[in-house]
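The values are calculated or read from the model by the stated rules, or taken from the named source; none is laboratory data. From a predicted model like this one, the values you see are computed outputs, not experimental measurements. Cβ atoms come from the backbone with ideal geometry, glycine included; neighbour counts cover every protein chain shown. Heavy atoms of the whole protein, side chains included, go into the accessibility calculation; ligands, DNA and RNA do not. Shrake-Rupley method; radii C 1.70, N 1.55, O 1.52, S 1.80 Å.
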Amino acid sequence: MHPIRFRASTSDGVHLFHYLPGNDPAVTQHWPGLLQDWAAEGTPFTEWAVNNCNMEEVAVYVGLVWRLTAGLDRYAIPTYYCDDAQRFLEQKPMPVNWEYEVDASALTATTRDKGFVPGRKAKPLRAEPDSAGRAGLFRLSTPRDLVSALKAVIFDASSEITVFAVAPGPERLQRLVSALSGPTPPTLADVVEEGGVFVDLTIGSDFDYYDSITVASRADLRRRVDELAADYARRISAYELRLDDLASVPDFLQAMPELAGVALDVT
């Protein structure tokens, strides 16, 4: 088990925290059943987006993203596969022009984070003429929604979901949509307001593609980030100690909420 460590920096009044595990994933001992055949439903993938390539660390990421954004309204851009995300989430997205980009093949925060770029999608949104945006912004109501968004994107060499957590209220959502829909690319300072949290989750699947979590906020979240990192170190250690007790997929699924620190259907 390799502890989760975030490196802190600041830029343009925004506090940044980067988790870059490289070749040292947080979970190093895996349930052998992830390499076996599963049924069509009720599997590690259908329930947690965990598979035999992106393993239990995905559940840790889901919990970490959700807990970092607690108490806020969460919206997400699943990169590129907007139509698939629409199908999995069973909701129509809000069209926007810009999305955050991380180069999953790079190894440092400076070389990975590319900032906001024109949104991309695999095929046009099936929507009205006013849906001219290139990316889709979805509401995430529960951790299960985050998992659904991950299932839509996780098949490529790398996959990315960007979560924008804002204070509740339609005016904050409108400002977020406006910032992501202007004629020029926004910066994190344009998007992250007081009380809000930005989290980009990038997952590498192919060789030489790497995971990362980027957190941005106006407030200094150093203590909160460190507390969560320490909590996940404990959770991962406890999980790895009980691997021999997981005899079936139902056993594995029962262990995931404790590892993730969240239940899928809790707001």
Springs between alpha-carbon atoms under 10 Å, Gaussian network over the chain: tell me which of 11, 205, 158 tops the mean-square fluctuations.
11
Would you list the P(r) distribution for the range 134-264, with all Cα-Cα distances sorted into 5 Å bins from 0 and each bin expressed as a whole %?
2, 8, 13, 17, 20, 19, 10, 6, 3, 2, 0
At 1.4 Å probe size, put 110, 142, 214 in order of accessible surface, largest to smallest.
110, 142, 214
Can you give the accessible area of residue 246, probe radius 1.4 Å, in Å² rounded to 10?
10
Dimensions in Å of the range 1-144 - Rg and Dmax from alpha carbons:
17.3, 50
On each of the three principal axes of the Cα atoms of the range 1-53, give max minus min coordinate, whole Å, ordered largest first.
49, 22, 12
Once 120, 218 are ranked on solvent-accessible area with the largest value leading and a 1.4 Å probe, the list reads 120, 218
Mean Cα-pair separation over length for the range 80-198, i.e. relative contact order, pairs under 8 Å, 6 or more apart, %:
32
CD proxy at 222 nm, helix term only [per DSSP H run n ≥ 4: -39500 (n - 2.57); per residue of the chain; nearest 500]
-9500 deg cm²/dmol
Surrounding net charge for residue 157, when Lys and Arg each add one and Asp and Glu each subtract one, Cβ distance under 10 Å:
-3
Heavy atoms of residue 53: accessible area, 1.4 Å probe, square angstrom to 10
70
Take 94, 55 and sort them by solvent-accessible surface of the protein heavy atoms, 1.4 Å probe, largest at the top.
94, 55
Using a Förster distance of 35 angstrom, determine the FRET efficiency expected from the C-beta separation of residue 245 and residue 8, and round it to 0.05.
0.40
Under a 1.4 Å probe, what is the accessible area of the chain per residue, stated in Å²?
45
What accessible area, in Å² to the nearest ten, does a 1.4 Å probe give for residue 87?
140
Peptides ranked, highest mean first, by Cβ atoms within 10 Å: ranges 253-264, 146-157
146-157, 253-264
Over all alpha-carbon pairs in the chain, figure out the percentage whose distance exceeds 32 Å.
18
